[in-house]
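Structure first, then comments.
The values are calculated or read from the model by the stated rules, or taken from the named source; none is laboratory data. Here the structure is a predicted model, which means the values were calculated and not measured. All Cβ positions, even for glycine, are placed from backbone atoms using ideal geometry, and neighbour counts span all protein chains on display.
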Amino acid sequence: LTRLKAKLAKSDNPFGKVLFNILTKDNLSEADWEDVEDTLLLADVGAEASGQLVDELRTDARVNDRSNPAEVRAALKEKLLDLVGRDTDRRLNAEKPGANKPGVIIMVGVNGTGKTTTAGKLARLFVAEGKQVVMGAADTFRAAAADQLETWGARVNVPVVRSDKDGADPASVAFEASAKAKETNADVLIIDTAGRLQNKANLMDELGKIRRVTEKNLPVDEVLLVLDATTGQNGMIQAKVFAEAIGITGVVLSKLDGSAKGGIVISVQKELGVPVKLVGLGEGPDDLAPFDPEGFVDGILA
Ligand code: GDP
């Protein structure tokens, strides 16, 4: 938590701070309210949530009074926390009581967003909890992807099921990985997939097949979409394609360490109706954390 706060605080010009500076001016003109809205839009909060927040701030007594900056900050924090969702259940399904064993997690997302890295970091988190993990390298499109996952596997001491052939059928890797997880009675199976967006029909076919084939062995508990926090509204478009192609149960927002925006947390939840469950805060093995709404909002207000 402290680490998350420290990392987020390092972002240049977090948007909450910009908002606070505007809201504590002596007089608020229409132009200032436009600045508030533009700041939210630039931070990727999304049009709907931005409009909602502006309306709420405009009618808030503490903001209108402005004599006490601490109260203005408190009002802003409260409303941001409401938007982010302070009480949302963000546990991975594999961590909920009565979860399936093995719990199955499929990682999806556009190439380069950090899927493979996140799979490795996630395996490490489970291993740290004493869980037995299997990973499946169903990204058979990019030759280096299976090698990369294997490197992570060796690093965190988790077996990786892969194919030796380039361009092998990703679903067959998913089948073998789920068979192995079942046989060895693992706690968690994490399947990495390829994310080519050029052709939506192909993507749907491929992800659908991976899911169906996996389900011959084990029920799929979770589909985690990895979204790069620095890609903004483009990331939202990608997210919708994946949500349609396979259905997602949660989002991992990667590269939050490199983004002063972060408002995408709000827009992605609002538009997809699924929570941000984890955030990526760097390239190292420990740089994945459960998403903490309070720490996040403190970070953007820092
Ligand atoms: P994939 O193609 O989606 O599997 O993406 P990779 O896992 O190969 O990651 C792409 C690049 O992003 C790599 O250089 C990773 O080290 C980097 N990366 C992944 N997650 C994070 C993160 O949370 N923060 C930062 N700064 N870099 C990350």
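Look at ALA137 and say whether it is within 13 Å of the ligand (Cβ to nearest atom), of a type in the set (Gly, Ala, Ser), at pLDDT 95 or above and over 20 Å from ASP287 (Cβ atoms).
Numbers: within 13 Å of the ligand (Cβ to nearest atom): yes; of a type in the set (Gly, Ala, Ser): yes; at pLDDT 95 or above: yes; over 20 Å from ASP287 (Cβ atoms): yes.
Yes.
Would you confirm whether any residue within segment 202-215 is under 19 Å from SER50 (Cβ atoms) and either surrounded by 22 or more Cβ atoms within 10 Å (Cβ to Cβ) or of a type in the set (S, T, N, Q) (or both)?
No, segment 202-215 contains no residue that is under 19 Å from SER50 (Cβ atoms) and either surrounded by 22 or more Cβ atoms within 10 Å (Cβ to Cβ) or of a type in the set (S, T, N, Q) (or both).
Would you check if there is a residue in segment 249-261 being over 24 Å from GLU37 (Cα atoms) and more than 14 Å from the ligand (Cβ to nearest atom)?
yes
Among the numbered conditions (1) free of Cβ contacts under 8 Å to residues at least 60 places away in the same chain; (2) away from the ligand (no atom under 16 Å from the Cβ); (3) of a type in the set (Lys, Arg), tell me where ARG142 comes up short.
The single condition ARG142 does not satisfy is (2).
Report, by residue number, each residue of segment 66-95 that is under 23 Å from ILE248 (Cβ atoms) and crowded, with 21+ Cβ neighbours inside 10 Å.
LEU83, VAL84, LEU92, ALA94
Anything in segment 96-108 that is more than 16 Å from the ligand (Cβ to nearest atom) and either surrounded by fewer than 19 Cβ atoms within 10 Å (Cβ to Cβ) or of a type in the set (A, V, I, L, M, F, W, C) (or both)? List them, or say none. It would help to see each step written out before you state the result.
At the first step, the residues of segment 96-108 found to be more than 16 Å from the ligand (Cβ to nearest atom) are 96-104.
Answer for segment 96-108, where residues must be more than 16 Å from the ligand (Cβ to nearest atom) and either surrounded by fewer than 19 Cβ atoms within 10 Å (Cβ to Cβ) or of a type in the set (A, V, I, L, M, F, W, C) (or both): LYS96, PRO97, GLY98, ALA99, ASN100, LYS101, VAL104.
Does segment 109-122 contain any residue that is more than 13 Å from the ligand (Cβ to nearest atom) and buried (at least 23 other Cβ atoms within 10 Å of the Cβ)? If you could, list the steps in order and put the result at the bottom.
Initially, segment 109-122 is screened for residues more than 13 Å from the ligand (Cβ to nearest atom), giving none.
Checked against the condition, which is being more than 13 Å from the ligand (Cβ to nearest atom) and buried (at least 23 other Cβ atoms within 10 Å of the Cβ), segment 109-122 yields no hits at all.
Got a number for residues in segment 214-248 being at positive phi and part of a helix (DSSP H, G or I)? Even if it seems obvious, please write down each step before you answer.
Quick first cut of segment 214-248, residues at positive phi only: 232, 247.
Within this subset, residues satisfying the condition of being part of a helix (DSSP H, G or I) are 232.
Residues in segment 214-248 being at positive phi and part of a helix (DSSP H, G or I): 1 in total.
For segment 178-227, how many residues are out of contact with any helix residue (DSSP H, G or I) (no Cβ under 7 Å at 6 or more places or on another chain), away from the ligand (no atom under 16 Å from the Cβ) and closer than 17 Å to ALA137 by Cα?
9
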